[in-house]
1. Across 5 Å bins from the origin, how do the percents of Cα pairs in segment 50-153 run, short distances first?
2. Please report how many Lys pairs in the chain have alpha carbons closer than 21 angstrom, counting only residues at least 8 apart along the chain or sitting on separate chains.
3. Along the Cα→Cβ direction, 7 angstrom out, place labels at residue 323 and residue 45. What is the inter-label distance in nm?
4. Length gain on complete extension for the stretch residue 284 to residue 192, per 0.36 nm per residue less the alpha carbon to alpha carbon distance?
5. Probe radius 1.4 Å, ligands and nucleic acids left out: which of 264, 280 has the largest accessible area, and how do the rest follow?
6. Counting C-alpha atoms alone, how compact is segment 171-236: give Rg to one decimal and Dmax as a whole number, in angstrom.
7. Segment 173-286: percent of C-alpha pairs farther apart than 20 Å?
8. Quick check on the chain: helices-only [θ] at 222 nm, where DSSP H runs of length 4 and up contribute -39,500 (n - 2.57) each and the sum goes over total residues. Nearest 500, please.
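The values are calculated or read from the model by the stated rules, or taken from the named source; none is laboratory data. Everything numeric in this text was worked out from a predicted model, so none of it was measured. With ideal geometry, Cβ positions are generated from the backbone for all residues, glycine too; neighbour counts draw on all protein chains shown. When the accessible area is computed, the model is the full protein with side chains, heavy atoms only, and any ligands, DNA or RNA have been set aside. Shrake-Rupley method; radii C 1.70, N 1.55, O 1.52, S 1.80 Å.
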Amino acid sequence: MTRTPFLRSALVAGAAAAALLLSGCVAGEGQAAEPEPTEAGEAVSLEGQTLNIDFATYNPLSLIIKDQGWLEDAGLTVTWVQSAGSNKANEALRAGAIDVGSTAGSAALLARSNGSPIQVIDIYSQPEWAALVAPDGSPITSVDDLKGKQVAATKGTDPYFFLLQSLEAEGLSADDIVVQNLQHADGWAALQNGSVDAWAGLDPIMAGAEEQGATLFYRNVDFNSYGFLNATESFIAEKPDVAQAVVDAYEQARAWAAENPEETARILADVAGLDLAVATKVITERSNLDVDPVPGDAQVEVLEKIGPIFVELGDVATQAQVDEALETLINDTFVTKADAGRFE
């Protein structure tokens, strides 16, 4: 992708005060970067601007940006809020508690289809982050073995849609199992204590489960949607320069991760509480961070397969809502102008 200078448009100051009540608050720290000159020759500074943004263990680039402090060094006052899953990120985006949040593509489409005013502004990964998991010693070895069984899954997230696609591919439906709607970490805990028979898992928790003897009995990388970085439409409209800074930081993080895979794994291990070997597996084997960051046809093609499932299950009222969401979800304005070198 060609790197060009970032968009320099007028800033509109604002703050989402409710987000300050959430955990993970980090005030702007460090020496502010020199303001970039605009095309008209005037200096634009991010000093004093606010940003409410998430970090998530399923989004390694977010962890790098938080660890390196690039946004704070640019003069922004940043509130970092941890997302436990795509559903939680979507809840925070819809509530205005965060301006930018990390979700799976499927979850972003579901939210947009149901009226959440978000758009994807960057693709942070193309992961194999979901699979179906059975505990050590389980007789479950195939999707067909799930008939009548209890399966943990976090509704509204990629592992949940992975589960539904897996059932359909093997001639089953959601009616053939009992879904226990649990957050990702709670699903793994339920699998360990025997409360469920299987779990629709998510990395990096899933990689840790493997190390403890769990089996990934069904995998299909094509059923995993991309990692979407989403922003609210109001944030995009009111703070385009801040939005550009976020995307620039993501592209710098992508380059940094490619140059520093061991350090990237260490950061993930520290935040997620994982053994370094497990974090390394997630980064090197199941996280394609070197993906084209510009959202487009590749992502739409995957989501077109998932959208009808929303309607069939009643998660979205009509296919027309899904189609409209697909037409309006993507915003490549910032990533096509991304300047990764801005934070070097």
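1. The distribution over segment 50-153 is 2, 11, 19, 19, 15, 12, 9, 7, 4, 2, 1, 0, given as percents.
2. Values: 66/88; 66/239; 88/155; 147/155; 155/305; 239/337.
The result is 6.
3. Placing both labels 7 Å beyond Cα along the Cβ direction yields 5.1 nm.
4. Working: separation 92, 0.36 × 92 = 33.12 nm, distance 2.61 nm.
The span from residue 284 to residue 192 would gain 30.5 nm if fully extended.
5. Working: 264 5, 280 50 Å².
The ordering from most to least exposed comes out as 280, 264.
6. For segment 171-236, the Cα radius of gyration and maximum Cα-Cα distance read 15.2, 46 Å.
7. Every Cα pair in segment 173-286 considered, those over 20 Å come to 58 percent.
8. Values: 13 runs with 136 residues, N = 344.
Rounded to the nearest 500, the figure is -12000 deg cm²/dmol.
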